[in-house]
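Read through the structure below, which is laid out as C-alpha cells, and then see the notes.
The values are calculated or read from the model by the stated rules, or taken from the named source; none is laboratory data. Model, not experiment: these values are computed from the prediction. Positions of Cβ are generated from backbone atoms using ideal geometry, with glycine treated the same way; all protein chains shown enter the neighbour counts.
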Amino acid sequence: MAEQQIRFNDGAAYERMMGVWSRSAGEVFLDWLAPSPGLKWIDIGCGNGAFTELIVDRCAPKEVQGVDPSPAQIAFARGRPAARLAEFREGDAMALPFDENRFDAAAMALVIFFVPDPAKGVAEMKRVVRPGGPIAAYAWDILEGGFPLEPVLAEMRAIGLTPALPPSAPISRIDALGKLWADAGLRDVETREITVERSFAGFDEFWEIGLLSASISHTVAGLPAAELERLRAGVRARLPSSAGGPLILSARANAVKGRVPG
C-alpha cells in the first residue's frame, strides 16, 4: 500500500469519528499507566484535545501542555472544558518548544505513527521529561487489522483502492513500539494491547461517520457515485447484521510505556 499524506483540518469531524474511539482507548491506557496526581504533563500530537481532556479529568494534573501541528485542531481544543487547565499550542513532535526536564510525564495518543521520524519523537519526549518520569504512547494496530475502520480499509483494498496510511505505520506493531522505547534508552519498558468497542445505531451511522475519517475521505473524495456505492455495499457485507439494532464494532491499539533513566 502506498503511503499518502493524511491531514486533520476539522476538529469537529475528528471528534465525531476518532474522538470517541480515542477516549475509549485512552481510559484503558491511563488505567494502565496509573500516574500519580499533581504531575506536569505534555500531550504530544494532542489533536483536538480528546485525550488531553482525559488527562485533566482523570489524573488531577498540576499542568497540561498540548502540542499539535494543526491550527484547526488546536482551535477546537481551546474550546474544550479541559482548557480551564490545559494550554494548547502549535508545535512539532520532533522539535518540542520546551526546555529539558520541563515535564513529569509525556504521552502520545494515536500519534507515534504520524511522526516522520519516530525515534526523534521519542528522543524529544525523553528530553523534556525529568529523570524517572513516564513516557508512553498508544497507536492503532493499523497493519494488523486493529484500526477502527478496518472493514472499510479491507474493502478498499479488495476493489483496488489504496487507503491512506500514516507515514510511519510499521511502528504501530507492538514489537516495534517496544524496541523503539528500548532503543531510546528508557527503562522499565512494557507493552500491552488495548481492545475497545463502540456502538453505532446501525450501518448507516457507521458509514456516515467513517467517511469523516481523513484516512478514508482522502481516497474516496473523487470516486464516481457508482464506485462509492460499490464500496459501501462491500463494507456492509463485511459487517455483522445489526437486524435493526445497534452495530457493535471493536478496535485494537498497541501501547508502550517506559521511564526516563536517572
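Checked against the criterion of being closer than 27 Å to residue 144 by Cβ, of a type outside the set (A, V, I, L, M), modelled with pLDDT of 95 or more and not in a strand (DSSP E or B), the candidates 21, 32 yield just one match: 32.
Report, by residue number, each residue of the stretch 238-262 that is in a strand (DSSP E or B), aliphatic (A, V, I, L, M) and either surrounded by 19 or more Cβ atoms within 10 Å (Cβ to Cβ) or touching a Leu at 6+ places or on another chain (Cβ under 7 Å) (or both). Matches in the stretch 238-262: 247, 251, 253, 255, 256.
When residue 233 is tested against (1) part of a helix (DSSP H, G or I); (2) touching a residue at least 12 places away in the same chain (Cβ under 8 Å); (3) among the aliphatic types (A, V, I, L, M); (4) loosely packed, with under 13 Cβ neighbours inside 10 Å, only condition (2) is not met.
For the condition surrounded by fewer than 16 Cβ atoms within 10 Å (Cβ to Cβ) and in contact (Cβ under 8 Å) with a residue 12 or more places away in the chain, what is the one hit in 104, 43, 99? Break it down into steps so the answer makes sense when it comes.
On the way: 104 fails: surrounded by fewer than 16 Cβ atoms within 10 Å (Cβ to Cβ); 43 fails: surrounded by fewer than 16 Cβ atoms within 10 Å (Cβ to Cβ).
Only one candidate qualifies: 99.
Does any residue of the stretch 241-249 turn out to be more than 22 Å from residue 23 (Cα to Cα), among the aliphatic types (A, V, I, L, M) and modelled with pLDDT of 90 or more? Checking the stretch 241-249: not a single residue is more than 22 Å from residue 23 (Cα to Cα), among the aliphatic types (A, V, I, L, M) and modelled with pLDDT of 90 or more. Filtering the stretch 74-110 to residues that are among the aromatic types (Phe, Trp, Tyr) and modelled with pLDDT of 95 or more leaves 88, 98, 103. Beta carbons closer than 8 Å, at least 6 apart along the sequence or on distinct chains, pair a first residue in the stretch 1-30 that is under 17 Å from residue 73 (Cα atoms) and of a type in the set (Asp, Glu) with a second that is in a helix (DSSP H, G or I) and at pLDDT 70 or above for 10/72; 15/50; 15/76. Within the stretch 182-206, the set of residues being at pLDDT 95 or above and of a type in the set (S, T, N, Q) comprises 191, 195. Just for the stretch 209-230: of the residues that are part of a helix (DSSP H, G or I) and over 20 Å from the mean Cα position of the chain (by Cα), which one is surrounded by the most Cβ atoms within 10 Å (Cβ to Cβ)? Result: 220. Is there a residue being acidic (Asp, Glu) and touching a strand residue (DSSP E or B) at 6+ places or on another chain (Cβ under 8 Å) anywhere in the stretch 47-60? Scanning the stretch 47-60, I find no residue that is acidic (Asp, Glu) and touching a strand residue (DSSP E or B) at 6+ places or on another chain (Cβ under 8 Å), so the answer is no. Looking across 177, 149, one residue alone is at pLDDT below 95, closer than 24 Å to residue 54 by Cβ and either of a type in the set (Phe, Trp, Tyr) or within 15 Å of the chain's Cα centre (by Cα) (or both). It is 149.
For the stretch 184-208, the tally of residues that are in a helix (DSSP H, G or I) and either farther than 26 Å from residue 157 by Cβ or aromatic (Phe, Trp, Tyr) (or both) stands at 3. In the stretch 52-73, is there at least one residue being among the hydrophobic types (A, V, I, L, M, F, W, C), in a helix (DSSP H, G or I), modelled with pLDDT under 95 and under 23 Å from residue 168 (Cα atoms)? Yes; the residues of the stretch 52-73 include at least one that is among the hydrophobic types (A, V, I, L, M, F, W, C), in a helix (DSSP H, G or I), modelled with pLDDT under 95 and under 23 Å from residue 168 (Cα atoms).
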